[in-house]
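As structure tokens, the structure follows; a few thoughts come after it.
Each value in this text was obtained by applying a stated rule to the coordinates, not by laboratory testing. Treat the numbers as computed from the prediction; the structure is a model and nothing was measured. Heads up, the Cβs are rebuilt from the backbone with ideal geometry, glycines too, and the neighbour counts pull from every protein chain shown.
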Amino acid sequence: MRAWYLCVLAACGGGTSSTQLPAWDKTLPASSVMGSWRGLLPARGIVHLHSPYSHDACDGKPRAADGTPNEPCLQDLRAALCTTKVDYANLTDHDASMADEEFATLFSMRDTDQPVMVNGSQVASRITCSDGHQVLVTVGGENDVMPIMLDHHVAGTVQQRHDIYNGTDNTSVQAMRDAGSLMWIAHTEQHPKDQLDQIAPDGIEVYNLHANIDPDIRSMYLGLPSADAIANAAQFADTNEGGPEPDLALISFLEPSTPAITRWNEQLAEGKKLPATAGTDAHENAIPITLADGERGDSYRRFLRWFANIVLVSDPGDPTQIKDALRTGRLFAVFEIMGTPLGFDVHAGSAELGGEVPVGTNLDVTVPTIRNLDPSLPAPEIKATVWRITATGPTAVATGAGPTLSVPMDQAGAYRVEISIIPHHLGPYLRDLGTAWADRELPWIYASPIYAR
């Protein structure tokens with residue numbers, strides 16, 4: 001992301017005192033608090049994340065004068081992974097300079113980090129946080145396509161690596177797959193259907209934070225007013241008493257990515273199995289000013305606090321299981337700024353998310369609640385929608401507040417669940433800005449489909 005809105009965000013408005021509220025939590029709990037699913041456990045992950053090995057990271061200064069990585073920026077990233085209790089972090093650096101480095105260098109291992117080996121080769125690293133929490137770090141890339149969880153660099157010279165990572169042709173895509181990656185599509189809003197058909201990705205982004213902010217992308221691809229995200233976020237720079245909680249800037253501009261959802265439905269309508277994730281796309285290069293909490297607007301901690309991708313595995317520390325859960329679609333994306341979900345469940349008989357069942361099986365949904373919601377706050381409105389996607393397109397076949405829904409999968413197709421929320425409970429934290437942004441329906445969870453055949 002570019003720093004084009006720096007001057008807009010520099011202005012701060014007035015404020016008045018506000019009623020005492022429960023303390024805002026800038027951290028996240030361990031993912032294990034979300035529960036378990038028939039022997040499966042949650043692992044919280046970031047799928048689309050940049051380190052100092054991207055040329056545009058760290059305010060466009062990813063390296064120190066001596067050519068070494070920008071250590072303060074890297075330490076911000078590492079600290080954020082620990083603070084937000086991320087279990088797996090899929091780095092996706094641009095080919096400049098990711099393709100120039102030896103593969104092991106890209107893990108940016110420090111201190112007590114440990115390499116994670118599979119078949120004698122390093123495929124990940126493990127960070128141990130000061131509180132004992134562990135973060136699994138993998139390497140990937142993001143250019144026109146986004147290979148995630150590479151086992152090693154693509155074959156060839158450094159220049160050939162650049163060419164392959166920038167390619168979208170079948171040969172380049174196959175080379176990235178041969179290097180062990182899952183082939184993901186970032187910025188789905190910018191990819192036409194025929195390109196998705198040609199690439200046949202393993203997964204796509206159903207939401208991308210950069211797209212939701214960037215004025216050009218908003219207007220050109222999302223059909224949204226170009227300046228709204230910037231203008232709205234600017235109001236969270238208010239350092240006066242009565243100013244809003246800066247972490248809530250997201251709800252001032254969060255909108256579903258309709259083009260990405262359309263691409264997803266198109267692929268599912270053709271009978272393809274296709275998981276979806278939400279892309280954080282964090283660089284620490286977008287809002288280089290200090291907000292009211294003394295932290296830069298686009299800090300890794302703040303962006304990673306906003307949303308993540310939950311995979312269901314038996315061992316949250318096993319990279320092979322995480323990769324398999326991403327590949328098969330045993331996952332859901334959740335905007336945890338709304339709250340950490342408790343009790344969310346989607347299954348059909350013995351089939352988990354990403355599974356396949358015979359036509360006629362019931363899809364069972366448990367609508368989540370918010371963990372540790374203070375009873376003194378206004379109650380949110382939470383709603384589940386079950387979408388059936390067949391050759392004729394998407395149809396909402398059930399909608400309700402729960403606590404459970406049971407829907408017959410009476411036609412062949414993909415059945416996916418969205419959880420929306422009107423986050424009234426966040427309204428008081430907007431303080432002098434009023435509650436309007438907390439009184440509109442927003443996405444909370446996108447679950448990957450279960451398929452009836």
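Some observations on this one:
- Centroid-to-centroid, using Cα positions, segment 38-96 and segment 347-379 are 31 Å apart.
- The magnitude of the dipole of segment 6-340, with charges of +1 and -1 set on the Cβ of Lys/Arg and Asp/Glu and taken from the Cα centre, is near 820 debye.
- 11 Å beta-carbon shell around Leu222, net charge (K/R +1, D/E -1): -4
- Mean Cα-pair separation over length for segment 365-453, i.e. relative contact order, pairs under 8 Å, 6 or more apart, %: 30
- Antiparallel bridge percentage (DSSP; both residues within segment 137-296; nearest 5): 40
- DSSP assigns beta bridges within segment 351-453; of those with both partners inside it, close to 95 percent run antiparallel.
- By DSSP, the beta bridges lying fully in segment 6-340 are antiparallel in about 60 percent of cases.
- Residues whose placed amide H lies under 5 Å from that of Thr361, excluding near-sequence neighbours: Met409
- By average C-beta atoms within 10 angstrom, highest first, the peptides 344-355, 48-59: 48-59, 344-355
- Compared with the direct C-alpha span, the chain from Ala436 to Lys61 gains 131.2 nm at full extension, assuming 0.36 nm per residue.
- Within straight-line reach of Lys323, meaning a Cα separation under 28 Å, sit the following lysines at least 8 residues removed in sequence or on another chain: Lys85, Lys193, Lys272, Lys273.
- Computed 3J(HN,Hα) for segment 30-37, one whole-Hz value per residue from the Karplus formula 6.51 cos²θ - 1.76 cosθ + 1.60 where θ = phi - 60°, is 4, 4, 4, 5, 5, x, 9, 10, glycine and proline marked x.
- Taking label positions 7 Å along the Cα-Cβ direction at both Asp25 and Thr385, the computed distance is 2.9 nm, reported to one decimal.
- Length-normalised contact order for the chain - Cα pairs under 8 Å, 6+ apart - percent: 17
- Here the relative contact order of segment 178-241, from alpha carbon pairs under 8 Å that lie six or more residues apart, stands at 25 percent.
- Going from the residue with the fewest nearby Cβ atoms within 10 Å to the one with the most, Leu250, Leu41 rank Leu41, Leu250.
- Among Cys82, Ala96, Pro69 - extreme Cα towards positive end, dipole of segment 60-107, charges at beta-carbon: Cys82
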